[in-house]
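Q: Can you keep this structure in mind? I'll have questions shortly.
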Amino acid sequence: MAMYLLYESSSGYGLFEAHGLDEIGQNTEAVRSSVSDLSRFGRVVQLTAFHPFESALDALNQVNAVSEGVMTDELRSFLELNLPKVKEGKKPKFSLGTSEPKLGSHILEATKIPCQSNEFVLELLRGVRLHFDRFIKDLKPGDLEKSQLGLAHSYSRAKVKFNVNRVDNMVIQAIFLLDTLDKDINSFAMRPGDLEKSQLGLAHSYSRAKVKFNVNRVDNMVIQAIFLLDTLDKDINSFAMRVREWYSWHFPELVKIVNDNYLYARVSKMIDDKSKLTEDHIPMLTEVLGDEDKAKEVVEAGKASMGQDLSPLDLINVQTFAQKVMDLADYRKKLYDYLVSKMSDIAPNLAALIGEMVAARLISHAGSLTNLAKCPSSTLQILGAEKALFRALKTRGNTPKYGLIFHSSFIGRASAKNKGRIARYLANKCSIASRIDCFADGATTAFGEKLREQVEERLDFYDKGVAPRKNVDVMKEAHGLDEIGQNTEAVRSSVSDLSRFGRVVQLTAFHPFESALDALNQVNAVSEGVMTDELRSFLELNLPKVKEGKKPKFSLGTSEPKLGSHILEATKIPCQSNEFVLELLRGVRLHFDRFIKDLKPGDLEKSQLGLAHSYSRAKVKFNVNRVDNMVIQAIFLLDTLDKDINSFAMRVREWYSWHFPELVKIVNDNYLYARVSKMIDDKSKLTEDHIPMLTEVLGDEDKAKEVVEAGKASMGQDLSPLDLINVQTFAQKVMDLADYRKKLYDYLVSKMSDIAPNLAALIGDMVGARLISHAGSLTNLAKCPSSTLQILGAEKALFRALKTRGNTPKYGLIFHSSFIGRASAKNKGRIARYLANKCSIASRIDCFADGATTAFGEKLREQVEERLDFYDKGVAPRKNVDVMKEVIENLQNKDEENKETVDASAKKSKKKKAKGEEEEEVEKSEKKKKRKMETEQENEKSEKKKKKKSKSAGGDEETDDGQSKKKSKKKKKSKSEDDDE
């Protein structure tokens, strides 16, 4: 069968005949390889006819018709003139290949010519597009490019005729542009430089036309913000509960004093170590909590706290995590303010009517404000309850009355019988408000406030029968009105009123505990969901008797579901543990001292405090330096952070790609994308000066240059400064979380080296920590048999296999070990069983050994390696007994060497001490001799002085004689000197 190809270019229609297809092959890959060779392709595909367009307007009309799958009269006459004639009642012996399936189906309906549009045809048309200027010989160089560029501009302008101030889906337009570019530009894509020039010109023209809209009215930012708010709410609650659980090991009393999660994080960050908590902290705590009594209560609880002492490293990690929770909570507040400001710009009336959060969720669920405005009120009423609607239609049950609008306060304030009616009325008003916001020129809240008044009046009409105003009258008055405050619903609590609660709940029996030890045993049993003999006898004595074979006409409410199930199994007494029962028990707890009349004031508080201390001491008896709860918290937090960082990073990519869509393909890594987007900020300011900084971040100069070039030719929209600030702030949060994730991983590695070094050396820190977390503690993991450890984490698959009698799983969490992946398919189960055995040994050594060492874990890892070689190559491994003996001998040798070194050092120190003592004795003796000599000299001097004093006391005559004698001596000396001269 012959094949013809219809090619629609920017200059006219071309009809080609494909013959001799055996030369290039009938499959797609063969055609793809031969398309680039004109000598081969030209022998297969030849031009049959060409019909040029009369003008640019004619070309635009023809291309529009082809893109919509419509055959024009001009195209029909062209095909009927140039294709072979088909006789009536006979099948044609040829087929026509088209690029558009819709166009082919239309041609088949109108002319009965069979059409094809598959990959093979598309590859042939690609070749035609590539060599089109060679087939049409009369075309001058550059004519085809000019006609394509001009047609692209005209086509884009025709498509872009819409309200530029309210565009809300750039992604759909970008995909449409990509399809158009594939058709119109690929014909000269192979020529160096032509593709870049044409894409750049067309992209600039198309982007300018598409992106001319008010960026302050883009509702996509609202969709992103509300999605992020919901994600942040979940994550902040999860992280805050993790902070409470983590820090409560150190300061458990703080949980009951501070209920708010954000305040708890701030207080735990401020306190740090409870042992350093003094009266000086009361002013700071008062400033945070806003209540001086609570601040004093915190200080007193810190002094009498029964929590364990944490190491400085653990405290640093808890405080760092608390700071992250505070940062996320602060960012959530800023994001909420941003959402409120955006809603006041985009949908002020809808926000005034139903609130910013509910309105944003409606816009997000509908996809855009325009889509929401197009929805009828019946659809808007159940928007968000699609699953319930289709389930009701399938099961022929009652359809839902409301969806997302249920979160409005109006639905909660209506009575049960009027909820459906007020939901229907509210949906009607929301539909009006969304249409006003979508299609009105100015932004005002007057209509939304008046619509809110109408809903309030409708509520009064349902409750009191007061007739509301008509909608027409209200809309006429909808300008320049004052704001109306919202009524808040008071929550009534009957539990706090003893007079009412005492008439409903009465004391039947009371059994006191015999001693503090008995109380501790009973509370331990209740916490574990076990019914003791004492509790069983108490219930059997005081509850009504139940005859055999009959159902009891009463039920027992318990606070612990496990305890209730145990009581039901043992005594057949039906038990309940729901919110209603918990509220009743809360009232009993509140007024318990009033029910028991013999209790003295303060007795209940003393007994509670004593029992709490005893219970906590029994639970917290373990080495705080080996506590594996920190590992459980850390691995849980790591997994949560991995999910959240990925989710947040994808949100950053989606959000920033509205501004700089080309960056997504250049930078694949999420963390690097966040850093680059934070660095670039506004793409219009991106210059060559940013290349060094981008190179430092990306580690590749070529990529940095590619980013700068993409920024210059980017077709993304311009964002307002407020939007850019929010994107950059969110990118910074992602970077902070990624950095904290690295620090947390280092902390986990250090804790695993302290708690389970052998297990970590055998199977890795992450897998070891997951095993400990899943088992509940290192002790529980050590008690597990290897068969249980092997499938730990695959419980669902195990029970499903037991239920369906299928194959049981071969491995659970240990699948993440590299050993399982390295084993062949037939040996995965065997190596998993062997690895579980070694993990069991390593966990028991870590749990019950006195010293921490990795020697056993390293040797066990060597054994697993040998077992892998045995399965693959048949090399016999060593026996476990020999390996363990070798490890023990090595450890003993090391201990002996350490002892010898200690003894040698001790001997050296003794010798040094002996030498030092001898030297000290010699020095002492020398010092004594010196002191004796000094004392003797001093005595001699004192005696001479005494003699001189006695001589001077002999009289004046003697002194005069002495003086005369001295003078005579001097005269004699002088005379003798003269004689010598």
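Q: How far apart, in nm, are two points set 7 Å out from the Cα along the Cα-to-Cβ line at Glu940 and at Asp330?
A: 8.5 nm
Q: Further question: Find out how many positive minus negative residues lie around Leu498, taking Lys and Arg as positive, Asp and Glu as negative, among other residues whose Cβ is under 12 Å from that of Leu498.
A: That sum, taken over residues with Cβ under 12 Å, equals +1.
Q: Taking amide H positions as placed 1.01 Å from N in the peptide plane, with prolines and chain starts having none, which residues 5 or more places from Met306, or on another chain, fall under 5 Å of its amide H?
A: Those lying under 5 Å, H to H, from Met306 are Glu253.
Q: At a 10 angstrom cut-off on C-beta neighbours, averaged per residue, how do the peptides 697-708, 541-552 rank from highest to lowest? Please report the intermediate quantities before stating the final value.
A: Values: 697-708: 16.0, 541-552: 9.3.
Descending packing order for the listed peptides: 697-708, 541-552.
Q: Using a cut-off of under 20 Å, list every residue of segment 302-331 whose amide N is near the label point 7 Å from the Cα of Arg589 along the Cα-to-beta-carbon line.
A: 306-307
Q: With each pseudo-label sitting 7 Å past Cα toward Cβ, what's the Glu696-Ser378 distance in nm, one decimal?
A: For Glu696 paired with Ser378, the spin-label model returns 6.3 nm.
Q: On to the next question. Express in Å², to the nearest 10, the accessible area of Ser607 obtained by rolling a 1.4 Å probe over the protein heavy atoms while all chains stay in place.
A: Spelled out: Ser607, probe radius 1.4 Å, area about 60 Å².
Q: Oh, and also: Using modelled amide H (1.01 Å from N, peptide plane; none on Pro or chain starts), what sits under 5 Å from the amide H of Gly557, excluding residues fewer than 5 places away?
A: For Gly557, whose amide H was placed from the backbone, the distant partners under 5 Å are Gln576.
Q: Can you give me the solvent accessible area of Met766 with a 1.4 Å probe, rounded to the nearest 10 Å²?
A: 40 Å²
Q: Roughly how much of His774 is accessible, in Å² to the nearest 10, using a 1.4 Å probe?
A: Number for this one is 90 Å².
Q: Right, another one. How much length, in nm to one decimal, is gained on full extension between Asn82 and Lys665, taken as 0.36 nm per residue of separation minus their Cα-Cα distance?
A: On the way: separation 583, 0.36 × 583 = 209.88 nm, distance 4.51 nm.
Difference between extended and current length: 205.4 nm.
Q: Considering only protein heavy atoms, with the full assembly of protein chains and a 1.4 angstrom probe, order Tyr834, Tyr656 by accessible area, largest first.
A: Final ranking, largest accessible area leading: Tyr834, Tyr656.
Q: Something else: With Cβ to Cβ distances under 11 Å as the rule, what net charge do the other residues near Val546 carry (K, R +1; D, E -1)?
A: Value of the local net charge: +4.
Q: Could you order the peptides 730-743, 301-314 from most to least packed, using the average number of other C-beta atoms within 10 Å per residue?
A: The densest-packed peptide leads the list: 730-743, 301-314.
Q: What's the extension gain from Leu609 to Ala56 if we count 0.36 nm per residue and subtract their Cα-Cα distance?
A: That works out to 190.0 nm of additional length.
Q: I've got another one for you. With θ set to phi - 60°, apply the Karplus curve 6.51 cos²θ - 1.76 cosθ + 1.60 along segment 394-407 and write out the HN-Hα couplings as whole Hz, x wherever there is a Gly or Pro.
A: With coefficients 6.51, -1.76 and 1.60, one gets 6, 8, 6, x, 7, 6, x, 8, 7, x, 5, 5, 4, 6 Hz.
Q: Work out, step by step, the length gained on full extension between Lys551 and Lys894: first 0.36 nm times the residue separation, then minus their alpha carbon distance; give nm to one decimal.
A: 116.4 nm
Q: Something else about it: So what are the ³J(HN,Hα) numbers for segment 231-245, from phi and the Karplus equation (6.51, -1.76, 1.60; θ = phi - 60°), rounded to whole Hz, Gly and Pro as x?
A: Karplus values, whole Hz, x for Gly and Pro: 5, 5, 4, 5, 5, 5, 5, 5, 5, 5, 5, 5, 5, 4, 5.
Q: What residues qualify as long-range amide H neighbours of Gly12, i.e. H under 5 Å apart, gap of 5 or more or another chain, H built at 1.01 Å from N?
A: Phe53
Q: Order the peptides 401-409, 124-132, 383-391 from the highest to the lowest mean number of other Cβ atoms within 10 Å of their residues.
A: Highest to lowest by the protection proxy: 124-132, 401-409, 383-391.
Q: Right, another one. If r is the Cβ-Cβ distance from Arg878 to Ala797 and R0 is 60 Å, what FRET efficiency results, to the nearest 0.05?
A: Result of the calculation: an efficiency of 0.95.
Q: Report the calculated FRET efficiency for Asp739 and Lys597 (r = Cβ-Cβ distance, R0 = 51 Å), to the nearest 0.05. Could you put the intermediate results ahead of the total?
A: On the way: r = 61 Å, r/R0 = 1.19.
Efficiency, rounded to the nearest 0.05: 0.25.
Q: Show me, for segment 786-802, the HN-Hα J-couplings you get by feeding each phi into the Karplus relation (A = 6.51, B = -1.76, C = 1.60, θ = phi - 60°), rounded to Hz, glycine and proline as x.
A: Ordered by residue, 3J(HN,Hα) equals 5, 5, 6, 4, 4, 10, 5, x, 10, 5, 4, 5, 5, 5, 5, 5, 5 Hz.
The values are calculated or read from the model by the stated rules, or taken from the named source; none is laboratory data. Every value quoted in this text rests on a predicted model; they were computed, and no experiment measured them. As a convention, Cβ positions derive from the backbone with ideal geometry for all residues, glycine included, and neighbour counts pool all protein chains shown. Areas reflect the complete protein model, heavy atoms only, side chains present, ligands, DNA and RNA absent. Shrake-Rupley method; radii C 1.70, N 1.55, O 1.52, S 1.80 Å.
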